[in-house]
Amino acid sequence: MGMIHRPLGQTGLELSPIGLGTVKIGRNTDVKYPTDFELPSDYEIIELLTLASELGINCLDTAPAYGASEARLGELLSELACDFRIITKVGETYDPDTGSHYDFSEIAILKSLEQSLQRLSRDRLDVVLLHSDGKDIEHLNQGALQTLIKARDQGLIQAVGLSGKTVEGGRYALHQGADCLMITLNPETQDEKPLIAEAERYGAGLLVKKALGSGHLTTSIPEIFKDLFAHPNITSAIIGTINPVHLRNNCLALPTEIQL
């Protein structure tokens with residue numbers, strides 16, 4: 001099977017309706033999933049990424065806060081003949097002993113970009129988002145997005161935006177020139193739904209996190225995807241799994257009109 005790729009706003013990027021979230025390949029502490037899990041082996045990750053590509057997925061979501069995720073992707077993708085677009089983030093780092101740490105200063109963001117380029121073995125990043133701790137407006141007021149925009153204009157990044165937690169922050173990021181937003185949207189969490197229309201007004205792309213409620217929802221997956229992708233400016237839902245059966249079933253649950 002395959003998927004009809006959808007444009008990410010006006011960025012020139014076209015992404016698969018499902019993007020593979022990679023938290024679980026790099027971190028299994030302080031996570032909010034229904035069951036515990038072991039980090040997969042390199043072989044298991046290669047098998048998962050190969051399957052994802054065969055299913056039509058061309059988009060991977062990672063972050064410095066996802067433990068070893070970026071480094072493992074950078075190492076293992078070189079062994080595959082797959083062309084993935086990668087979404088990563090700045091602003092949050094994670095230590096298993098002390099938890100998450102946030103720094104949205106210009107120095108920290110530029111250092112994070114440099115480290116992501118090195119870990120992912122790339123000379124340019126596809127999408128970079130501010131990894132918000134909920135203080136969206138504060139970080140935007142302090143120039144965090146403008147730092148990313150400068151890096152984009154220098155050719156280090158193709159598209160920039162905010163993975164936020166508030167409608168106000170999403171609106172302000174769009175006003176400041178964000179190319180895209182990553183919002184939380186599922187049947188039980190609808191607070192950021194107004195940003196669908198806001199993003200369309202600005203010509204910005206939309207990525208959706210926690211579309212399946214991190215595995216906690218009881219609503220049928222086909223129903224969730226049908227409602228989600230009825231909005232043409234929602235580009236991708238980021239679904240995190242290391243289970244090949246779950247990955248295949250999620251792809252099969254997409255509306256038939258966006259399958260190939």
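The values are calculated or read from the model by the stated rules, or taken from the named source; none is laboratory data. Here the structure is a predicted model, which means the values were calculated and not measured. Cβ: placed from backbone, ideal geometry, glycine included. Neighbour counts: every protein chain shown.
Sort out for me the strands (runs of 3 or more DSSP E) sitting completely within segment 170-260 that have 2 or more residues that are among the β-branched types (Val, Ile, Thr).
Qualifying strands (runs of 3 or more DSSP E): 180-184, 234-240.
Among what's in segment 1-57 and is hydroxyl-bearing (Ser, Thr, Tyr) and surrounded by fewer than 19 Cβ atoms within 10 Å (Cβ to Cβ), pick the residue that is nearest to residue 233 (Cα to Cα).
That would be 53.
Anything in segment 137-150 that is farther than 13 Å from residue 177 by Cβ and in contact with a strand residue (DSSP E or B) (Cβ under 7 Å, 6 or more places away or on another chain)? List them, or say none.
139
Specify the residue that is nearest to residue 210 (Cα to Cα); the eligible residues are those in segment 36-59 that are of a type outside the set (A, V, I, L, M, F, W, C) and without any contact (Cβ under 8 Å) to a residue 40 or more places away in the chain.
36
When segment 118-165 is examined, which residues are found to be surrounded by fewer than 19 Cβ atoms within 10 Å (Cβ to Cβ), polar (S, T, N, Q) and not in a loop (DSSP other than H, G, I, E, B)?
Selection gives 118, 141, 146, 158.
At pLDDT 95 or above, within 26 Å of residue 63 (Cα to Cα), loosely packed, with under 15 Cβ neighbours inside 10 Å and not basic (Lys, Arg): does that describe residue 208?
no
So which of 195, 254 ends up being farther than 27 Å from residue 69 by Cα, of a type in the set (A, V, I, L, M, F, W, C) and surrounded by 22 or more Cβ atoms within 10 Å (Cβ to Cβ)?
Checking each option against the conditions leaves just 195.
Please find, within segment 73-106, the residue that is surrounded by the most Cβ atoms within 10 Å (Cβ to Cβ) out of those that are over 20 Å from the mean Cα position of the chain (by Cα) and more than 26 Å from residue 8 (Cβ to Cβ).
105
Checking residue 10 against (1) within 16 Å of the chain's Cα centre (by Cα); (2) more than 23 Å from residue 118 (Cβ to Cβ), which test does it fail?
The number of the failed condition is (1).
Of the residues 192, 188, only one is more than 25 Å from residue 88 (Cβ to Cβ) and either among the aromatic types (Phe, Trp, Tyr) or in contact (Cβ under 8 Å) with a residue 24 or more places away in the chain (or both); which?
188
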